[in-house]
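One structure below.
The values are calculated or read from the model by the stated rules, or taken from the named source; none is laboratory data. Computed from a predicted structure; not experimentally measured. Don't worry about glycine lacking a Cβ; one is built from the backbone with ideal geometry, like all the others, and counts go over all protein chains shown.
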Amino acid sequence: MWRSILGGGACAGLAMTLIATLPARAQIETNSKSPIDITANEAEVLNQQCLAIWRGDAEALQDKSRLRADSISVYTKVKGKDAKGQPSCGATERIIADGHVFYVTPDQTAKGAHAVYSSADDTIVLTGDVVVVQGKDVARGDRLTIKVSTREARMYSNVTGAGKLGRVRGVFYPAKTDTAPAAAAAAAATP
């Protein structure tokens, strides 16, 4: 799990494992060696720009993780030029997901309107009515910024001031502990 700075540090585990692994090393699932299966209504590859754009109900699947958006644009680094002067494209530099962005794993879901991963900054920024859910726990805000390498997250809101609607908000439920086996063992040990 991860440590967060989500709305003042209230929520450990929510959002980071979900979002922070999304684009790192061209993966959408942590440490997966499975292929990424991308579908959309159309795809455009701009070789000169080292850019692939997936439009129309774009969806990227890897193992049990799913990234959905109206469009997903993948920018890769230009490594150099080939003998014909064509660019040679390398590692993922930036991923932009626009419109109805959802990232879903078996344990967590995040949604927003726009998401940007930047390998140079080592960050993911999700904006536009951001909601992150894990189990019954929910965090909301206008912007979620995640530092991938440290797995720290910060949720922001455009609204400030006590008592105002729209501020960063989290609702977290205590973990349930099963005390029945311990109580039964203690009762059995008592003469």
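Here are the numbers for the structure shown:
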quantity: Only one of Asp129, Asp121, Asp57 that is surrounded by fewer than 17 Cβ atoms within 10 Å (Cβ to Cβ), acidic (Asp, Glu) and assigned to a loop (DSSP other than H, G, I, E, B); calculated: Asp121
quantity: Segment 138-170: number of residues that are outside any loop (DSSP other than H, G, I, E, B), more than 18 Å from Val125 (Cα to Cα) and of a type in the set (S, T, N, Q); calculated: 0
quantity: Members of segment 111-144 that are of a type in the set (Val, Ile, Thr), within 19 Å of Val74 (Cα to Cα) and within 11 Å of the chain's Cα centre (by Cα); calculated: Val116, Thr123, Ile124, Val125
quantity: Subset of segment 31-54 (residues that are outside any strand (DSSP E or B) and without any contact (Cβ under 8 Å) to a residue 24 or more places away in the chain); calculated: Asn31, Lys33, Asn41
quantity: Whichever residue in segment 146-159 is among the polar types (S, T, N, Q) and modelled with pLDDT of 90 or more and, among such residues, is surrounded by the most Cβ atoms within 10 Å (Cβ to Cβ); calculated: Ser157
quantity: Hits in segment 72-105 - residues which are assigned to a loop (DSSP other than H, G, I, E, B) and farther than 16 Å from Asn47 by Cα; calculated: Thr105
quantity: All positions within segment 75-103 that are in contact (Cβ under 8 Å) with a residue 40 or more places away in the chain and aliphatic (A, V, I, L, M); calculated: Ala91, Ile95
quantity: Positions within segment 106-118 being assigned to a strand (DSSP E or B) and touching a Leu at 6+ places or on another chain (Cβ under 9 Å), in sequence order; calculated: Gln108, Thr109, Ala110, Lys111, Gly112, Ala113, His114, Ala115, Val116, Tyr117
